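Peer 1: This is the structure I have questions about; it appears just below.
Every number in this text was worked out from the coordinates using simple rules, so none of it is lab data. Note that the structure is a prediction, hence the values are computed from the model and not measured. Counting neighbours? That spans all protein chains shown, and the Cβs are built from the backbone with ideal geometry, glycine included.
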Amino acid sequence: MKFLFIVQGEGRGHLTQAITLESILRRSGHEVVEVLVGKSESRRLPGFFNRSIQAPIKQFVSPNFLPTHNNKRVNLTRSVLYNLMKLPTYAESIRFIYRRICETKADMVINFYELLTGLTYFFYRPSVPHICIGHQYLFLHKDFKLPQAFRKKLLCLNFFSRLTALGASEHLALSFRSMPDDSTNRIRVVPPLLRRDVFQVEPVAGNYIHGYLLNSGFSESVLQWHKACPEVPLRFFWDRWQEPAVKQVDDTLSFYQLDDVEFLRQMAGCKAYASTAGFESVCEALYLGKPILMVPAHIEQECNAYDAMQSRAGIVDDKFDLGKLLGFAETYQRNEEFAGWVESAETLILNELERMIPDDFLQHMYLVEEYV
C-alpha cells in the first residue's frame, strides 16, 4: 500500500514520528511514496531528517507561530497578523498538497499535525483516506481532563487541532499511557512513536544535565543559572542554526545544533533532562528513566507537561531553574509501566492502519508474499 506523509516541520517531534512510522511501514511491506514537510522562514529542516527518511522529501510554506522578541514564548497577536498576510502563499501550498496527493497515487495520507492538510481536504475533498496522528488529538478525547486554568487556551488549541483533522477518517492519539478509545470522536489511543534507536541505547547515570530549547531565547535562563552554578556540566541543544555545530561557552556549558544521533547519545548518558516540554523528547527521557524539568513555551506544551506529570515523568517550572531538577532527581523513580506501553507501539499502530486498508488490497499483498 502507498502512503503519503504530510508533516508539520515545527520542532523535532513530528519529524521523528514520521521517521519511525516510515520504518515500521517499510518493514511491513508498505511504501511511503513521498514526504511533504511544512516549512517556515524561522526554521530549517534538520539534517537528521533528510538523512533518515528514505522517501523523496518536498517542502511547502506553512503557517507557524512566531515567538516573542526575546525568542521564548509564542506571540499570538504577532503570529495571527503574520499568517493573515501570508494567506495567498498558503493557498498555493494547499493547491500543491492536493496535486501531490493526486500525482503520487497514494492510497492513504498520514497527517502529522499539519494545518494545511486539513484545509486541503476541506477545500478540495480528495477521495484518499486521511489519518491524523499526534499527541494533540488526545486533548479532544472525551475522558481527557485538564485543570480549569487551561480552559480558554485549550479551546483555541482544540479548534486548531480540529482544523488539521478536517476530512480525517480517524485520529491516532499518541499517549503517555493506555486509555479507552473515544469512538464518538473517532479517536484511537496509541503509544508514542519512538525511534528504534531509543530501544537500543543503554542508559547510564552521568554527571551532566541534558536539554533541548525549542526557542533559543531560553538560553538566557540557562546561562543565568550556569553563572550561579558553573560546577554543574550542561549540554543543551537548540535551533539557532546560525551558530556552529557545537558552541562551547566554557568548560561546563555547551550548546549543540539539533542532531538526533548526538541528541540521543547525550540523553542516554545524562543525569537529568530539561526541555520546553515537547512530547517526543519527554517520552524519550521517560523511557530511558531520566528525571525531567519541563518549561512550556505555549499551551500545547503546557498540556504536554501536565499530562507528563500524571505519568510521573517530572516537574514543571516557568524558567530553567536547574536546581529544582537536581533536587527532583534525588527522589525520582522510573515509570516501568511506560516502557512496556511504548514497546507495543509498532504492533498497535500498524494494526490500526492496516485495519483501514480495503480487504481486497490485503488479499493481494498476501498472495504476492506467498508467491515470493
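Peer 1: Using unit Cβ charges (K, R positive; D, E negative) and no other charged atoms, how large, in debye to the nearest 20, is the dipole of the chain about its Cα centre? Kindly include the intermediate steps, with their values, before the conclusion.
Peer 2: Numbers: 41 positive and 43 negative charges, 240 e Å.
Result for the chain is approximately 1160 debye, rounded to the nearest 20.
Peer 1: Would you tally the net charge around ASP251, using a Cβ to Cβ cut-off of less than 13 Å, leaving ASP251 out, and scoring K and R as +1, D and E as -1? Please report the intermediate quantities before stating the final value.
Peer 2: Details: positive: ARG235; negative: GLU231, ASP250.
Taking every Cβ under 13 Å from that of ASP251, the sum is -1.
Peer 1: On to the next question. Beyond 18 Å, how much of the Cα-Cα pair distribution for segment 197-334 remains, as a whole percent? Present the calculation step by step, with values, prior to reporting the outcome.
Peer 2: Details: 4708 of 9453 pairs.
When all Cα pairs of segment 197-334 are counted, 50 percent exceed 18 Å.
Peer 1: Further question: Quick one: angle between helix 115-124 and the longest Cα principal axis of the chain, in degrees between 0 and 90, rounded to 10, please.
Peer 2: Once rounded, the angle reads 20 degrees.
Peer 1: Still on this structure, I have one more. May I ask you to order 273-280, 14-21, 96-103 by the average number of other C-beta atoms within 10 Å around their residues, highest value first? Spell out each step's value before the answer.
Peer 2: Details: 273-280: 26.5, 14-21: 24.9, 96-103: 17.4.
In decreasing order of mean packing, 273-280, 14-21, 96-103 become 273-280, 14-21, 96-103.
Peer 1: Based solely on its DSSP helices, what 222 nm [θ] is calculated for the chain when runs of n ≥ 4 H residues each add -39,500 (n - 2.57) and the sum is averaged over all residues, nearest 500 deg cm²/dmol?
Peer 2: Details: 15 runs with 158 residues, N = 372.
Computed mean residue ellipticity for the chain: -12500 deg cm²/dmol.
Peer 1: For segment 195-334, with the dipole built from +1 on Lys and Arg beta-carbon atoms and -1 on Asp and Glu ones, taken about the Cα centre, which of PHE237, TYR287, VAL261 lies farthest toward the positive end?
Peer 2: Toward the positive end, the furthest listed residue is TYR287.
Peer 1: Per residue, what volume in Å³ does the convex hull of the Cα atoms of the chain enclose? Show your work: numbers first, answer last.
Peer 2: Details: hull volume 52.9 nm³, N = 372.
With only Cα atoms used, the chain gives 142 Å³ per residue.
Peer 1: What GluC sites (Glu not before Pro) does segment 1-59 have in DSSP loop regions with at most 10 other beta carbons within 10 Å?
Peer 2: Working: sites: GLU10, GLU22, GLU31, GLU34, GLU41; in loops: GLU10, GLU41.
Counting only loop positions with at most 10 other Cβ atoms within 10 Å, the GluC sites (Glu not before Pro) in segment 1-59 are GLU41.
Peer 1: Still on this structure: Report, in degrees rounded to the nearest 10, the 0 to 90 angle that the Cα long axis of helix 151-164 makes with the longest principal axis of the chain.
Peer 2: 40 degrees
Peer 1: Mind listing the long-range amide H neighbours of ALA313? Cut-off is under 5 Å, sequence gap 5 or more, other chains count too, H placed in the peptide plane at 1.01 Å from N.
Peer 2: Hits under the 5 Å cutoff: none.
Peer 1: Please report the antiparallel percentage of DSSP beta bridges with both residues in the chain, rounded to the nearest 5. Intermediate results must be reported in sequence, preceding the final value.
Peer 2: Values: 7 of 54 bridges.
Of those bridges, close to 15 percent are antiparallel.
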